[in-house]
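We did not get these values from a lab; they are worked out from the coordinates using the rules stated. Worth saying up front: this structure is predicted, and the values here are computed from it rather than measured. Cβ sites come from the backbone with ideal geometry, for glycine too, and all protein chains shown count toward neighbours.
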Amino acid sequence: MEEIKRLEDIFKLILSVDSIEPDFSSGSDITIPIYEISAEEFLDFAENAIMAETKEGIVNAISNLKRAIDCEMDLFFESINLKSIFDKNNLKFEKKSKFLSDIGMFPIQSINKLNLIRNKMEHEYRAPLIADLYTYYELVWDVVKIIDLHLELLYTNGEINMVLKKGSDEYYFMIRHDIENCGFRIKIKNWTKGADKIEKQLEICLTNKESAYDFINAFNFYLLSIQYFDYGNISLYKNKVKKLMKSQGKI
């Protein structure tokens, strides 16, 4: 317990335990905004335009697909209280999409492919092939659905609590998404019989550019922990935590 001072120490504890028992979860303080035009409606507009198979339809489809993904990303970031930070720092599509990739929402290869198709359509001033347009549509559709599913996970799992067991030692683990302060609160309490009831707390908040790295890793870990809480595959959970540590160069 004494060695738990940083997020990577939590990761090491997770990797060392014999079992992890989900205890309970509670909802979050997320407020999902309602826009007059939704990302799904922009997707419908784009699909209708593609079906027309005219140059005007293709141009309209591209515009509506761009609107769909921008709308969905803004919905996500506004829901978790990050949109104002992105707007303040004038962070555009590339930074927003990379953030979503960094927290494990989808692989960076998908984002690179999306960017490639998007830039080709925008900057070469020529109508794309219908096959390319359908690929772009499918990628945007996937991103919208993935973001929606993650919002549902965050909405229903604002806090999760689990019991960690390592030999005769037992620990109580809690992680909470602190939306108001753009951060995460983690608590580890020693529940071992006969031991001092020591409690360790970590607060990881997005306060400046320097704190972004830890915040992204905490967000990634939080999503992995929600997935474990819901599905209970400890081997998969540990493998993903190990992969997260490896990406940081910690192992």
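For the residue pairs LYS12/LYS113; LYS55/LYS83; LYS145/LYS238; LYS66/LYS246, the alpha carbons lie more than 32 Å apart in LYS12/LYS113; LYS55/LYS83; LYS66/LYS246. Could you state the number of Å between the C-alpha centres of the stretch 112-140 and the stretch 178-236? Here the two parts' Cα centres lie 38 Å apart.
The modelled label-to-label distance between LYS243 and SER26, using points 7 Å beyond Cα along the C-beta direction, is 3.2 nm. A Förster distance of 22 Å, applied to the separation of the beta-carbon atoms of THR135 and ILE37, puts the FRET efficiency at 0.40. In this Cβ point-charge picture (+1 for Lys and Arg, -1 for Asp and Glu), the chain has a dipole of about 1120 debye about its Cα centre. The Rg/Rh ratio for the stretch 1-106 is 1.17, where Rg is the radius of gyration of the alpha carbons and Rh is the Kirkwood radius. Residues of the stretch 149-184 falling in the label zone of SER211, defined by backbone nitrogen less than 13 Å from a point 7 Å along Cα to beta-carbon, are 178-184.
Converting phi to 3J(HN,Hα) with the Karplus coefficients 6.51, -1.76 and 1.60 and the offset θ = phi - 60°, the stretch 31-46 yields 10, 7, x, 10, 8, 4, 10, 8, 4, 5, 5, 4, 5, 4, 4, 5 Hz in sequence order, with x at every glycine or proline. Comparing the chain with the 2.2 N^0.38 Å rule of thumb, its C-alpha radius of gyration ratio is 1.17 (two decimals).
Computed from backbone phi with θ = phi - 60° and the Karplus coefficients 6.51, -1.76 and 1.60, the 3J(HN,Hα) list for the stretch 153-169 is 4, 5, 5, 8, 10, x, 9, 10, 10, 9, 9, 9, 10, 9, x, 8, 8 Hz; x is used for glycine and proline.
Nearest 10 degrees, 0 to 90: what angle lies between the long axis of helix 108-123 and the longest principal axis of the chain (Cα atoms)? For 108-123 against the chain, the angle is about 20 degrees.
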